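For reference, the structure is listed below as structure tokens.
Bear in mind that the values in this text are calculations on the coordinates, not laboratory data. Being a predicted model, the structure only gives us computed values, none of them experimental. Ideal geometry is used to build each Cβ from the backbone, glycine not excepted, and the neighbour counts take in all protein chains shown.
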Amino acid sequence: MSGQKLDQRVRTNQPAIGWHTDEETTTGETVLELDGLTREYGIETAVEEFSLSVDRGELLTLLGPSGCGKTTTLRMIAGLEQPTGGEVRIAGETVADGSSAVPPEERNVGLVFQEFALFPHLTVGENITFGIDDWESEEQQQRLDELLALVDLDEHRDKYPEALSGGQQQRVALARSLAPEPDILLLDEPFSNLDVRLRIDMRQEVRRILKEAGVTAISVTHDQEEALSISDRVAIMNDGHLEQVGKPELVFENPESRFVASFLGRASFLTGRVRGDTVETELEQLETAQLNGPVDAYDGAQIDILVRPDDLEALPANETMADGEIVHRQYNGPNFVYGVELEGETTLRCLHNHVETFEHGQPVSISITADHELAWYPTE
Ligand code: ATP
């Protein structure tokens with residue numbers, strides 16, 4: 001496949017990973033430090049030895065499957081949950097350790113809830129100024145004007161929440177949490193209350209608002225596309241542990257563990273045996289130079305190579321030449337994702353343009369079209 005065709009395929013089919021183009025907006029000044037943070041519930045450990053630093057102005061997302069400890073971590077930062085071990089430090093001050101805790105209202109941390117939790121009997125303006133009603137009236141109005149401009153709701157300031165769309169309600173909730181100028185804004189599954197279409201539109205809008213406000217934000221989600229598209233860095237959690245933290249492109253392209261590899265993208269693993277400078281895979285032979293790290297220590301051993309749907313292409317083949325057959329086809333509008341079962345029972349997924357159709361049971365050969373280094377893991 002030519003580079004141009006591959007580019008086209010990737011462009012039409014990839015999620016909006018790293019879609020934002022703005023420059024670095026963090027300051028390098030640490031505002032939040034989690035140091036060995038642990039939370040036990042009886043014999044269950046929800047969060048274990050979690051350490052992470054977040055810079056002022058950074059947007060970091062905690063991402064992981066259900067039950068991995070994201071919400072518990074967020075609640076410990078907010079002060080709604082006490083750690084059983086480790087420390088939370090905000091702007092250099094210890095706000096919680098295993099024995100003492102600063103109450104939530106004294107932490108200068110804002111919280112945006114999943115369901116927005118707007119007050120139905122207050123107008124947009126009154127909702128936004130709710131947390132700063134002890135400010136001088138003139139300062140309150142000035143802050144309200146700034147925030148209404150930021151979230152683009154100036155003409156709606158006297159409306160009640162029921163007269164607003166879901167996206168507008170979310171912007172009011174954001175403005176309300178930003179009003180007291182928190183050190184850190186925490187967002188708990190901020191898009192889960194919006195319908196699918198709006199959710200995608202609101203991702204970049206929420207990022208724009210947070211970046212223009214210059215606030216440090218920690219968001220929680222189990223939606224990888226959302227995490228990868230809005231965040232400066234993504235922290236991937238598994239079973240109470242931090243698996244990997246880094247820029248979206250880095251964690252997607254260089255997953256450090258098999259868990260991260262299988263959690264991000266629709267990953268499959270291709271088994272191969274290392275023979276000197278090559279790897280004999282279930283499909284073709286690969287050069288070890290195409291892998292993302294040295295495999296010398298594994299000469300003669302079996303490894304698993306991470307392949308995502310856009311790394312592979314299925315081609316029609318007769319039964320004797322075929323690598324496998326189509327066992328699954330998912331039509332997504334712009335593209336198809338085909339599942340191909342190999343003889344060894346591995347199933348690989350291949351991404352194709354919507355006009356490239358294969359039928360169930362059709363024999364195909366598979367070519368590895370990736371033009372980037374492939375991550376690999378020792379076979380367990
Ligand atoms: P989800 O995406 O489903 O919200 P999560 O990653 O946010 O999941 P948590 O809600 O932090 O996960 O829960 C982590 C683990 O801690 C789970 O196994 C959960 O059952 C357990 N847990 C959380 N809160 C409590 C509690 N109050 N008492 C006992 N166990 C709890």
*In whole Å, what three semi-axes, largest first, describe the equivalent ellipsoid of the range 21-261 built from its Cα gyration tensor (square root of 5 times each eigenvalue)?*
30, 21, 16
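Calculate, in whole percent, how much of the Cα-Cα pair population of the range 181-232 lies beyond 18 Å.
Working: 320 of 1326 pairs.
Value for the range 181-232: 24 percent of Cα pairs lie more than 18 Å apart.
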*Tell me the label-point distance for the pair ASN332, ASP201, using the 7 Å Cα-to-Cβ offset, in nm and rounded to one decimal.*
2.2 nm
_Hydropathy at least -0.5 by Kyte-Doolittle, axial extent at least 24 angstrom from the Cα trace: which helices of the chain, defined as entire DSSP H runs, fit?_
none
_Restricting to DSSP H runs of at least four residues, report the calculated mean residue ellipticity at 222 nm for the chain, -39500 (n - 2.57) per run over all residues, nearest 500 deg cm²/dmol._
-7000 deg cm²/dmol
*Towards the positive end of the charge dipole of the range 282-364, with charges on Cβ (+1 Lys, Arg; -1 Asp, Glu), say which of TYR331, LEU306, GLY361 has the farthest Cα.*
TYR331
_For the range 190-249 and the range 272-318, what is the centre-to-centre distance using only Cα atoms, to the nearest Å?_
33 Å
*Over the chain, calculate the relative contact order: mean separation of alpha carbon pairs under 8 Å at least 6 apart, over the residue count, as a percent.*
16 percent
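Stokes-Einstein at 25 °C, 0.890 mPa s, Kirkwood radius from Cα pairs: D for the range 190-283 in µm² s⁻¹? Working shown, then result.
Working: Rh = 15.5 Å.
Value of D from the Cα-based Kirkwood radius: 158 µm²/s.
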*What Kirkwood hydrodynamic radius do you get for the range 262-378 when you take the inverse of the mean 1/r over all pairs of distinct Cα atoms, in Å?*
14.6 Å
*Of GLN168, ASN193, PHE130, whose Cα points farthest to the positive end of the dipole of the range 115-226 (charges on the beta-carbon: +1 Lys, Arg; -1 Asp, Glu; origin at the Cα centre)?*
ASN193
*Provide the per-residue ³J(HN,Hα) series for the range 183-192, in order, calculated from phi with Karplus coefficients 6.51, -1.76, 1.60 and θ = phi - 60°, each as a whole number of Hz, with x at glycine and proline positions.*
5, 9, 10, 9, 10, 9, 6, x, 10, 5
